[in-house]
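Contents: one structure, followed by commentary.
The values are calculated or read from the model by the stated rules, or taken from the named source; none is laboratory data. What you are looking at is a predicted structure, and each value in this text was computed from that prediction instead of being measured. In this analysis, Cβ positions are derived from the backbone assuming ideal geometry, glycine residues included, and neighbour counts consider all displayed protein chains. Heavy atoms of the whole protein, side chains included, go into the accessibility calculation; ligands, DNA and RNA do not. Shrake-Rupley method; radii C 1.70, N 1.55, O 1.52, S 1.80 Å.
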Amino acid sequence: MAEYMSTRDVKRLEEGSKATVRGWVYRWRDLGKRVFIVVRDSEGILQLVASKGFTPEDVIEKARRASIESSIIAEGVVRRDRRAPGGVELRLTNLEIVGHAEDFPIKGGEGIDYLLDIRHLWIRSRKLTAMWRLRHKAFEIFREFFKKRGYWEVSPPMLTQAAVEGGATLFEVNFFGKKAYLTQSAQFYLEALIFSLERVWTLAPSFRAERSRTRRHLYEYWHLEAEAAWERMDGMMRLVEDLVAYTVGRLVETAHEELEVLGRNVEALEPSRKTPYPRITYEEAINILKRKGVKVEYGDDLGADEERILTEEFETPFFITHFPLELKSFYMKEDPQRPGHALAFDLLAPEGVGEIVGGSEREDNYEVLRKRIEERGYNVDDYQWYLDLRRYGSVPHSGFGLGVERFLMWVGGRDHIRDTIPFPRFRDRIYP
Ligand code: NSS
């Protein structure tokens, strides 16, 4: 039985070593005396060469029939050659075609709608594969970070009975004849869990029936959320910037190949490895926009366009704080120093990406919170369990949510969110 090696490991072998690899035909060229195959596996690509005089005739014949995307097992001898991708090629001694591929429907240059219909095949591309690997590494680093900080990982429900972030983006589910919803955020469940675990986090899907179809909105996205008892807004902002700077730093160190395949200018990420990140208030943000000739007034919400213009002012992520209360969610605490303003923060990523994190200190007083729920016209009964948390040992607390795909858009240098998740749910498609 042959020992299989990854294409990456083959590149570390000495000239003349024997190796067996398996993967899929990525490129193919027949030059008569020689057939070149580039094979790809999860670790990268490797050039295989079948040449007359070295490779047995029947193996050369098989190499001729190895169509693009066929799965193959190849045996050969390592040769160092500057012209080969990665500087190494394998001179074939044997080849098995395991699964012959029909004419592959992606050849390059196809339109986006066509490609989305065959997403299940498109996800094999080198760029997208680099993104899945980057994503995996980011998930690992997030977990590492929270472990270091003493946060407990918890598992909130996906089926819920009320809105966290307003009714407009709720997905309704028929729950045995009753109305239920897909979760918009784990926040309220995390808040319930801090009364025993104090510091908790989770990484789970969130669902938003967004009205706006933009390049940064999904209907289903992965949400990294954390909540901490005793923590005030400032401490939570420090946690968020540490998390982002740590993750960016570790990705730059451990994912340079992925970032290179993605064509990311890694230099641009360097400044973001250092904290603190700049902090501006909502009012300052409005003034910057006005100075830049944008038509906005104090009290307006900041949309994607305004955010993009603000990102021109910074080369790292930056916080916007102290939004007018009515612009933000009902559960946010009012700043006693600045009545009418929320102890809330957004973190915006540079290079045009915009908001990647939303967080706040939470209102921890029963009466105040109840009044807020009523003022917004929500049904108090739906939120009774949430209000209860303020009746039994209430505690100051804060938390945040980071949109994983938004974060990957920035780090991976993608200008559309669909490039950051294998099967994106956006526009009106749920296929494949
Ligand atoms: O609505 S958020 O701003 N805030 C919350 O959901 C809080 N309840 C989180 C918390 O404090 N635990 O969403 C948080 C982030 C936001 O900054 C985006 O990065 C991301 O979630 N987000 C999205 N990403 C992709 N697609 C959509 N539709 C989307 N909506 C929010």
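Treating only the Cβ atoms of Lys and Arg (+1) and Asp and Glu (-1) as charged, compute the dipole magnitude of the chain about its Cα centre; round to the nearest 20 debye.
Numbers: 67 positive and 71 negative charges, 305 e Å.
Dipole about the Cα centre, nearest 20: 1460 debye.
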Using packing as a proxy for protection, rank 65-76, 405-416 so that the peptide with the highest average count of other Cβ atoms within 10 Å comes first.
405-416, 65-76
Scattering profile of the chain at q = 0.09 Å⁻¹ [log10 I(q)/I(0), Debye over alpha-carbon scatterers]
-0.68
Taking all protein chains as present, what is the carbon and sulfur share of the accessible area of segment 97-195, in % to the nearest whole number, probe 1.4 Å?
58
Ignoring ligands, DNA and RNA, what accessible area per residue does segment 289-372 give at 1.4 Å, in Å²?
43
With Cα atoms, 0 to 90° folded angle of helix 126-148 axis to the chain main axis:
50
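May I ask which of Lys127/Lys274; Lys179/Lys333; Lys274/Lys295; Lys274/Lys371; Lys52/Lys127; Lys148/Lys178 have a Cα-Cα span longer than 31 Å here?
Correct reply: Lys274/Lys295; Lys274/Lys371; Lys52/Lys127; Lys148/Lys178.
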Computed accessible area, Asp305, all protein chains, 1.4 angstrom probe, square angstrom:
90
Report P(r) for segment 295-432: all Cα-Cα distances, bin width 5 Å, range 0 to the bin holding the largest distance, values in whole percent.
2, 9, 15, 17, 16, 14, 12, 10, 5, 0, 0
Hey, can you find the accessible area per residue of segment 191-257 for me, probe 1.4 Å, expressed in square angstrom?
41
Under 5 Å between amide H atoms, partner at least 5 residues away or on a different chain: which partners does Glu220 have, H built in plane at 1.01 Å?
Arg208, Arg425
Spatial separation of Cα centroids for segment 137-187 and segment 41-82, in angstrom:
47
Enumerate the calculated ³J(HN,Hα) couplings along segment 360-368 in order (Karplus 6.51 cos²θ - 1.76 cosθ + 1.60, θ = phi - 60°), each rounded to whole Hz, writing x wherever the residue is Gly or Pro.
5, 7, 9, 5, 10, 9, 4, 5, 4
Sort 239-247, 206-214 by packing, meaning the average of other beta carbons within 10 Å per residue, with the highest value first.
239-247, 206-214
Consider all pairwise Cα distances in segment 290-329 and report the whole-number % of them above 11 Å.
71
Based on the Cα atoms of segment 19-136, what semi-axes does the equivalent ellipsoid have, where each is the square root of 5 times one gyration tensor eigenvalue, given in whole Å with the largest first?
27, 16, 12
In whole Hz, the Karplus estimates of ³J(HN,Hα) for segment 401-410 (6.51, -1.76, 1.60; θ = phi - 60°; x where Gly or Pro) are x, 10, x, 4, 5, 4, 4, 5, 4, 5
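From the C-alpha gyration tensor of segment 133-182, pull out the three semi-axes of the equivalent ellipsoid (sqrt of 5λ each), sorted largest to smallest, in whole Å. Could you put the intermediate results ahead of the total?
On the way: eigenvalues 204, 35, 24 Å².
Result for segment 133-182: semi-axes of 32, 13, 11 Å.
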Where a ≥ b ≥ c are root eigenvalues of the Cα gyration tensor, a/c under 1.5 meaning rounded, otherwise prolate if a/b exceeds b/c and oblate otherwise, segment 197-265 counts as oblate
Could you give the semi-axes, largest first, of the ellipsoid that matches segment 248-293, computed as the square roots of 5 times the alpha carbon gyration tensor eigenvalues and rounded to whole Å?
32, 14, 7
Given charges at beta-carbon only (K, R positive; D, E negative), |dipole| of segment 194-324 in Debye
260
In segment 115-203, which chymotrypsin sites (Phe, Trp or Tyr not before Pro) fall in coil by DSSP and have 16 or fewer other Cβ atoms within 10 Å?
Phe171, Phe176
